[in-house]
1. Here are some residues: 35, 40. Which one is of a type in the set (A, V, I, L, M, F, W, C), under 17 Å from the mean Cα position of the chain (by Cα), part of a loop (DSSP other than H, G, I, E, B) and within 22 Å of residue 235 (Cα to Cα)?
2. Could you tell me which numbered condition residue 23 fails, if it satisfies all but one of (1) out of contact with any helix residue (DSSP H, G or I) (no Cβ under 7 Å at 6 or more places or on another chain); (2) touching a residue at least 60 places away in the same chain (Cβ under 8 Å); (3) loosely packed, with under 14 Cβ neighbours inside 10 Å; (4) closer than 30 Å to residue 238 by Cβ?
3. Are any of the residues in the range 53-63 within 20 Å of residue 8 (Cβ to Cβ) and of a type outside the set (D, E, K, R)?
4. I need a count of the residues in the range 214-248 that are of a type in the set (A, V, I, L, M, F, W, C) and on the phi > 0 side of the Ramachandran plot.
5. Name the single residue, out of those in the range 52-83 being closer than 19 Å to residue 184 by Cα and touching a residue at least 40 places away in the same chain (Cβ under 8 Å), that is surrounded by the fewest Cβ atoms within 10 Å (Cβ to Cβ).
6. Taking the conditions exactly as written (crowded, with 16+ Cβ neighbours inside 10 Å, β-branched (Val, Ile, Thr) and closer than 22 Å to residue 135 by Cβ), does residue 190 satisfy them or not?
7. Please pick out the residue among 104, 90 that is surrounded by fewer than 16 Cβ atoms within 10 Å (Cβ to Cβ), in contact with a helix residue (DSSP H, G or I) (Cβ under 9 Å, 6 or more places away or on another chain) and closer than 20 Å to residue 143 by Cα.
8. With the requirement that a residue be over 18 Å from residue 25 (Cβ atoms) and of a type in the set (Gly, Ala, Ser), what does the range 208-218 give you?
Amino acid sequence: MSDGVEVLRALHLRRPPGDPLILPGPWDAASARAFAEAGFEALATPSAGVAAALGYADGETPADEMFAAVARITRAVDVPVTADVEDGYGLAPKELVERLLAAGAVGCNIEDSTGGALKDPREHADYLAEFCAAAAGRILLNARVDTFVHGDGDPGRAVEQAAEQTVERAALYVAAGAQCVYPIMAPVAVLPLLRSGIEGPLNALALLTPDGPSPAALGELGATRITFGPQLQRRATAAAAELAAGLR
């Protein structure tokens, strides 16, 4: 869809508290159709979910296979699709933009860690700036911040320090052109702090657990956009296993 990025961008703007943009994570064409037919206005591929569907561990999918999977998903639906491209697969910014556009994606996640360690924030911001310049408004960048996953420092102040680092990194990434910030695995309690310190839309990961806050509750705490990582794919796989167990 030629205007997909404009549609996706508009879905992020001026959302009232408690009404975040909910983006299910398809792992193949069939799941993408199911989510689109359920009425969701946009979708966000999870790299871990796609990896599992392709038979790989998280982080082990070859770039060519990931982009091919994204292309199958975008061809299957008429809603905008944003793709998780991990840390960019070592591609130059311009090539990453070209691969995303060729796959039909109008948005993407790029994370600021590699090999289990955080990247230098200024170097990563420079990479994002080059990416955004090459994209020229054709791709909405969701900058994933991994400080709550790979942060270091005083264990007694781990959450506090991660929040401080997240706000600092987010400022650099937004200045580079990111249009949404994703502090993955941020504790619910710090969402209001992150909301107050981060400019623009804020992505939160919804945990599908009995005691996990609902997407609406996350929205009330400051989230603009909700994603689920690979949880939907894992639930579907568990349902298939349960179905299989009843076939004997």
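1. Values: 35 fails: part of a loop (DSSP other than H, G, I, E, B).
Only one candidate qualifies: 40.
2. Here residue 23 meets the rest and fails (3).
3. From the range 53-63, those within 20 Å of residue 8 (Cβ to Cβ) are none; that's our starting set.
No; the residues of the range 53-63 include none that is within 20 Å of residue 8 (Cβ to Cβ) and of a type outside the set (D, E, K, R).
4. Just the residues of the range 214-248 that are of a type in the set (A, V, I, L, M, F, W, C), to begin with: 216-218, 221, 223, 226, 228, 232, 236, 238-241, 243-245, 247.
Okay, now just the ones that are also on the phi > 0 side of the Ramachandran plot, so none.
Count: 0.
5. The residue in question is 58.
6. Working: crowded, with 16+ Cβ neighbours inside 10 Å: yes; β-branched (Val, Ile, Thr): yes; closer than 22 Å to residue 135 by Cβ: no.
So residue 190 fails the test.
7. On the way: 104 fails: surrounded by fewer than 16 Cβ atoms within 10 Å (Cβ to Cβ).
The unique qualifying residue is 90.
8. Across the range 208-218, the qualifying residues are 216, 217.
The values are calculated or read from the model by the stated rules, or taken from the named source; none is laboratory data. From a predicted model like this one, the values you see are computed outputs, not experimental measurements. So basically every Cβ, Gly included, is an ideal-geometry build from the backbone, and we count neighbours across all protein chains shown.
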